[in-house]
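The next block holds one structure in the form of structure tokens; read it before the comments.
Readers should treat all values here as calculations from the given coordinates under stated rules, not as data from a laboratory. Here the structure is a predicted model, which means the values were calculated and not measured. Methodologically, a virtual Cβ is constructed for each residue, glycine included, from the backbone with ideal geometry; neighbour enumeration extends over all protein chains shown.
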Amino acid sequence: MSTTWNEATSMTASPITEQHPPGDFDPWRVREDFPIFRQRIRGKPLVYLDNAASTHKPQVVIDAVSRFYGEEYSNIHRGVHYLSQQATDLYEDARRTVRQFLNAKHDEEIIFVRGTTEAINLVAQTFGRMNIGEGDEVLISAIEHHANIVPWQMICKEKGASLKVIPMDQHGDLKLEQFEAMITDRTRLVSLVHVSNALGTVNPVKEMIATAHRHGVPVFIDGAQSVQHLPVDVQDLDCDFFAMSGHKIYGPTGIGVLYGKKALLEDMPPYQGGGDMILSVTFEHTVYNDIPYKFEAGTPNIAGAIGLAAALKYFQGHDITALAAHEERLLHHATENLRNIDEVRLIGTAKQKASVLSFTLCAVHPHDIGTILDQHGIAIRAGHHCAQPVMQHFGIPATARASFSFYNTMEDVDALVHAIHSVLEVFS
Amino acid sequence: MDELRDLYQEIILDHNKNPQNFHKLVDADFTLEGFNPLCGDHYTFYLKLDGETIEDIGFEGSGCAISKASASLMSSILKGKRKEEAEHLFSLFTDIVTGKIDPAEHIEELGKLAAFAGVADFPVRVKCATLPWHTMHGALQGKQDNITTE
Ligand SMILES: Cc1ncc(COP(=O)(O)O)c(C=O)c1O
């Protein structure tokens, strides 16, 4: 299929009229769903390659949020009136959409949170606080985002427990042969990133979960970078917890999901106290509500949940394997082109990768790369990507990172490659 | 792309490639580290004073072209300057790169530092240019804690 793509397509080809191979996935059509691409940045068409940081929103998501505020809005779970019931229905429908998207068994296993960061903190402060004691261990990996390091560090420090780290090799693959031996009878939880935001590494989490379970240890999966690239089925993975962020899968900011197995969630103490998370309150005693409400204190991000549901429906409206294949082609095309530039060092060459390409240029700091690319209308990320231990592993302060979505085109990649050459020219 | 040329002036690229005073001072009176957490710029500055005069200045570390060239130019310009002159240049430099004042009116005072005027068009890069100056300023004030730009 990939042979039908003309990899030498001229950069000056007119974008919208670009011919695409019939029957193949067509990013140009998808782009029409995203109003952001109608504008020009610094007089140039937007080449947005910062999708691992956040993705753009299709019109259907913007419309769903706007319709909710304009026509359907009210608080939920509290009113007897028409609008409140309607808003409650939409919010609970959104929960069902997420359940179905992740293939969770029960709706109440889906808890709406602000994002992956909050999901991890929630579990650290509830499950962690309850189960981690002095001398216990939490096991994470060397390629975690700070969001999957710091919350565990905090609870470990408080409890006198220790944080252990599965090492990685020079490609950015975890040293799996060491994983099982690192699980001890003091390990209370394994928490792993599914797809690394800094390196693109796809961890073999299903096998790792099975290994941990053989030792009776539950597993938390940080899915912030996975759900938008690969099909995820939490029952098939058999993870105990799973977290995702709406804004990275074409949904709004400020909304995310914590999935937890029902029995675990039911046993956990609440995270925050307040309205909605209670059944009854007296000054002496409070009876907590059932899951998921026990974990959703206060008025939640109702519009966010509705927007997220619209995003997931939009995403699922496509053939996910075709999207993935297209992203794979983009990654391949970019990787091959960058490999051919002598000054480029690719950071993260794992066996299985999502469409994230981190690199450094000999003698040019990533920050300078980012500035020059920006002048070409190309948005990439330059920095440590909230993964400083990963940078330390590779002995670098930062990388430049291009991360692709299905709405990116081969021309976007060509523009990136062209602009990298002009960075080298400036610094020659 | 003219802005790019204004930002990455020849003199900035030269100092990035061949930074001056890029070494440790073993007998420094003040040593202070400066960080830019956002992009990982990280330098250590060494100052040696003779009374009120900066006798020698050196730095080590790594970072982007703007921060390294800024550190290099700062170090060569401040050598032999009195503390109060250094502090004056610090505030002048900050005002130039944040676009608060017109460099054309201070050409003489600025000398080679005028090369950084283009930074004003790149707000996210201002911290890169000012990091060395903030650190130097902190050192002169006798600060012990690392300087960060956040
Ligand atoms: C792997 C990973 N985990 C966690 C997060 C945190 O997500 P959020 O900022 O949406 O809470 C991110 C976001 O960059 C991420 O890439």
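Peptide B:66-77 has a mean of 1 when you count, residue by residue, the C-beta atoms of other protein chains within 10 Å of its C-beta. Kirkwood radius for the protein assembly as shown, taken over all pairs of different Cα atoms as the inverse mean of 1/r, rounds to 26.2 Å.
With contacts taken as Cα pairs under 8 Å and at least 6 residues apart, the stretch A:61-316 reaches a relative contact order of 25 percent. Look at the alpha carbon pairs under 8 Å that are at least 6 residues apart: their mean separation over the length of chain A gives a relative contact order of 22 percent.
The spacing between the stretch A:267-343 and the stretch A:99-164, judged by their C-alpha centroids, is 15 Å. Taken one residue at a time, the phi angles of the stretch A:187-199 give Karplus couplings (6.51, -1.76, 1.60, θ = phi - 60°) of 6, 9, 7, 10, 10, 10, 7, 6, 10, 6, 6, 8, 10 Hz. Gly and Pro are set to x. What you get for the stretch A:61-316, charging only the Cβ of Lys and Arg (+1) and of Asp and Glu (-1), is a dipole of about 220 debye around the Cα centre. Placing +1 on the Cβ of every Lys and Arg and -1 on the Cβ of every Asp and Glu, with no other charges, gives the stretch A:29-70 a dipole of roughly 220 debye about its Cα centre.
With each label modelled as a point 7 angstrom along the Cα→C-beta vector, the A:Ser280-A:Glu266 pair spans 2.1 nm.
Relative to the longest principal Cα axis of chain B, at what angle does helix B:65-78 sit, 0 to 90 degrees, rounded to 10? Between helix and principal axis, roughly 50 degrees. Once you order the gyration tensor axes a ≥ b ≥ c over the Cα atoms, which shape class does the stretch A:61-316 get: rounded for a/c under 1.5, otherwise prolate or oblate by comparing a/b with b/c? The shape class here is oblate. Under the convention that each Lys and Arg Cβ holds +1 and each Asp and Glu Cβ holds -1, the size of the dipole of the stretch A:126-237 around its Cα centre is about 280 debye.
Note: chain B, Cα convex hull, 99 Å³ per residue.
Beta bridges per DSSP, both residues in the protein assembly as shown: antiparallel share near 70 percent. Kindly list the residues of the stretch A:129-157 that lie in the label zone of A:Gln178, defined by a backbone N under 11 Å from the point 7 Å along the Cα-to-C-beta vector. Answer for the stretch A:129-157: A:142.
The listed peptides A:235-247, A:64-76, ordered by packing as a protection proxy, come out as A:235-247, A:64-76 (highest mean of other Cβ atoms within 10 Å first). With K and R counted +1 and D and E -1, the other residues having a Cβ less than 15 Å from that of B:Pro132 yield a net charge of +3.
Between A:Glu425 and A:Ile36, what FRET efficiency comes out of the Förster formula 1/(1 + (r/R0)^6) with R0 = 25 Å and r the beta carbon distance, rounded to 0.05? About 0.30, to the nearest 0.05.
Considered as an equivalent ellipsoid built on the Cα gyration tensor, the stretch B:68-116 has semi-axes of 17, 12, 10 Å, the largest given first. Cβ under 12 Å from A:Leu192's Cβ, A:Leu192 left aside: what net charge do those residues give with Lys, Arg +1 and Asp, Glu -1? Value of the local net charge: -3. Modelled spin labels at B:Val124 and A:Tyr82, positioned 7 Å past Cα toward Cβ, are 4.8 nm from each other.
Here the residues A:Ser84, B:Ser75, ranked from fewest to most Cβ neighbours within 10 Å of their Cβ, fall in the order A:Ser84, B:Ser75. Taking amide hydrogens as placed 1.01 Å from N in the peptide plane, the amide H of A:Ile166 sits under 5 Å from those of A:Ile140, A:Ser141, A:Ala142, each at least 5 positions away in sequence or on another chain.
Taking every residue in A:383-396 and counting other chain Cβ atoms within 10 Å of its Cβ, the average works out to 1. Under 5 Å between amide hydrogens, built in the peptide plane, is the criterion, and for A:Met277 it picks out A:Gly298 among residues at least 5 positions away or on other chains.
Once you order the gyration tensor axes a ≥ b ≥ c over the Cα atoms, which shape class does the stretch A:370-428 get: rounded for a/c under 1.5, otherwise prolate or oblate by comparing a/b with b/c? Oblate shape, in that a/c is at least 1.5 and b/c is the bigger or equal ratio. Karplus-derived 3J(HN,Hα) values for the stretch A:33-42, using 6.51 cos²θ - 1.76 cosθ + 1.60 with θ = phi - 60°, are 6, 10, x, 4, 6, 6, 8, 10, 10, 6 Hz; glycine and proline are entered as x.
Along the stretch B:48-64 the Karplus relation, 6.51 cos²θ - 1.76 cosθ + 1.60 evaluated at θ = phi - 60°, assigns HN-Hα couplings of 10, 9, 10, x, 9, 10, 7, 7, 8, 8, x, 8, 9, x, 8, x, 6 Hz to successive residues, with x for each Gly and Pro.
Close amide-amide hydrogen proximity is noted between A:Ile41 and A:Leu46, each under 5 Å apart and 5 or more residues distant or on a separate chain (H modeled in the peptide plane; Pro and chain starts excluded). Taking the charge dipole of the protein assembly as shown about its Cα centre, with +1 at Lys and Arg Cβ atoms and -1 at Asp and Glu Cβ atoms, the residue from A:Ile347, B:Ala120, B:Leu140 reaching farthest to the positive side is A:Ile347. Measuring between alpha carbons in the structure, the pairs from A:Lys57/A:Lys353; A:Lys164/A:Lys294; B:Lys24/B:Lys79; A:Lys206/A:Lys294 lying more than 21 angstrom apart are A:Lys57/A:Lys353; A:Lys164/A:Lys294; A:Lys206/A:Lys294.
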